[in-house]
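Some notes on the structure that comes next.
Read-outs throughout are calculated quantities, based only on the coordinates presented, and are distinct from any laboratory measurement. Because the structure is a prediction, the values reported are computed rather than measured. Cβ placement follows ideal geometry from the backbone for every residue including glycine, while neighbour counts extend to all protein chains displayed.
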Amino acid sequence: MKNDLMDKIVSLAKRRGFVFQSSEIYGGLNGCWDYGPLGVELLNNLKQAWWRSMTYCDDIEGLDASILMHPKVWEASGHVENFTDPMVDCKECKARFRADQIEDSECGNKGYKGRKAAKCMEEGKFTDARNFNLMFKTYMGAIESEDSIAYLRPETAQGIFVNFNNVKESTRQKLPFGIAQIGKAFRNEINTKNFLFRTREFEQMEMQYFVKPGSDEEIYSGWKERRLNWWMDLGVKKEKLNFAPHPADKLAHYAKAAVDIEFEFPFGFGEIEGIHNRSDFDLSQHAKFSGKKIDYFDEQSKERFTPFVIETSAGASRGFMAILCNAYDEDEAPTSEGKSEKRTVLHFHPKLAPIKCAVFPLVNKDGLQEISHSITEDLQKSFKVFYDESGAVGRRYRRQDECGTPFCVTVDYDTLKDDTVTIRERDTMQQERIHKDKIKVYIAEKMS
Ligand code: GAP
């Protein structure tokens, strides 16, 4: 049943233009996805909500660092040495598996559909595990040699660490302060899976908060709560969120403590964001590898030290998928004949909804289209608005419900008399009559 639900969400995502397979006409490219017209709006709204919550304050600055960085960055960060997954190959069907995920995998041989990969392992079909580095390697410039190797960044964080001095000096920030960034990251995952959950190209929304050593544990706890609340404020149901702390023996090479915020997808709980106490690992490593001083002088205590870093690292792509799964629902809606019919609806928070409002003329005559166009054009100065004059109003509602549009405005014969319209709310399906000049304020209030 849960797989069935995931299939329905993936199918809706394609049908309504949220997500398409990358290079679909060529058979697709594994682990890569394209955001369609509604998807790009939803993704941008999610990123914008994050950006505002992070940087529209006194103590967090924004940054947009380049994807390609000096190769030494990845030596200093430990990625060249440690950013690996253990991989095994099946000697029979040649499928590749992450050695630590065999239990969740199926045999790659199409003739054995449904057979567990663990069974093949028991039968000795797999090679010994070997480490596979997940960074995509390329070459900078015209000559392909060891000296021209460059990597596509596997996380955005390193762009922030190498700019610590620049941001501190240009903004005159005092500890504690943070630097936030949204951007693409690339990982050559051995097994991509579950739609947008594990892909090879994805976007992260990361914030590194630089703190005085000793204050790190308290600030780490504070950020844990703050980040969980942020997801809930966007309408993610509390019961679908979970903290999963990393046990000490599973911590990443840079972490002193780490916890995942997990969301319950149709296939089970999975990480959407990591909160990490990275200690002074990153700044110390970059100071060592670059030969530059990277530290902080505390005017009050007259101490010089390397700040600790509390990191909040959310996936924009995975977050997008969580928002989509969280919003998906099937319920009943009344028809014009007084019956009820099944409807598929996306209950997005109005702030995230790709289209904020749809405008319909009740009929396509007697000047109702002209008024509808004029309302649409006026609203489009503030929001993404969709005009629709095709089919019965009930059908138009159903289409907008599937797109997650929170408000639909219908222009009818009463509009000609008193300039009022019907505004219908997606979740309650309640309708009220308001003056057409009040629509903008009405929607803005609901969004905030
Ligand atoms: N800077 C720390 C860091 O990158 P991470 O736990 O490896 O930590 C953070 O990644 C977030 O990035 C994850 O919580 C997830 O949302 C997202 N993410 C990581 N790998 C991903 C992948 N292959 N596909 C989609 N999202 C991914």
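Here are the numbers for this structure:
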| item | result |
| --- | --- |
| Lys302/Asn166 FRET efficiency (R0 30 Å; Cβ-Cβ; nearest 0.05) | 0.80 |
| Computed E for Leu68/Arg115 - FRET, C-beta separation, R0 30 angstrom, nearest 0.05 | 0.10 |
| Length released on extending from Ala142 to Ile434, taking residue separation times 0.36 nm less the Cα-Cα span | 98.7 nm |
| Cα gyration tensor of the stretch 3-121 - equivalent ellipsoid semi-axes, whole Å, descending | 35, 26, 14 |
| 3J(HN,Hα) from dihedral phi, the stretch 83-89, Karplus parametrisation 6.51/-1.76/1.60, rounded to Hz, x for glycine, proline | 7, 10, 10, x, 10, 10, 10 |
| Packing rank of 81-88, 284-291, 247-254, 405-412, where each peptide gets the mean count of other beta carbons within 10 Å, highest leading | 405-412, 81-88, 284-291, 247-254 |
| Gyration tensor (alpha-carbon) shape descriptor, the stretch 193-308, a/c threshold 1.5 | prolate |
| Dipole in debye (nearest 20) - the chain, about Cα centre, beta carbon charges: Lys, Arg +1; Asp, Glu -1 | 560 debye |
| Per-residue ³J(HN,Hα) for the stretch 111-117, Karplus 6.51 cos²θ - 1.76 cosθ + 1.60, θ = phi - 60°, Hz, x for Gly and Pro | x, 10, 3, x, 6, 6, 5 |
| Entries of Lys238/Lys446; Lys212/Lys292; Lys119/Lys256; Lys14/Lys184; Lys116/Lys224 with Cα pairs more than 31 Å apart | Lys119/Lys256; Lys116/Lys224 |
| Label-zone membership for the stretch 32-74, site Asn188, 7 angstrom Cα→C-beta point, backbone N under 19 Å | 32-33, 67-74 |
| Gain on full stretching of the segment that runs from Lys293 to Asn44 - 0.36 nm per residue minus C-alpha separation | 85.9 nm |
| Two-site FRET efficiency, His253 against Ser221, from Cβ-Cβ distance with R₀ of 25 Å, rounded to 0.05 | 0.65 |
| Neighbour-limited loop hits for trypsin sites (Lys or Arg not before Pro), the stretch 213-245 (at most 16 other Cβ within 10 Å; DSSP other than H, G, I, E, B) | Lys237 |
| nm² value of the averaged projected area, convex hull over the Cα atoms of the chain | 27.5 nm² |
| Of all DSSP beta bridges in the stretch 355-447, antiparallel share, percent nearest 5 | 55 percent |
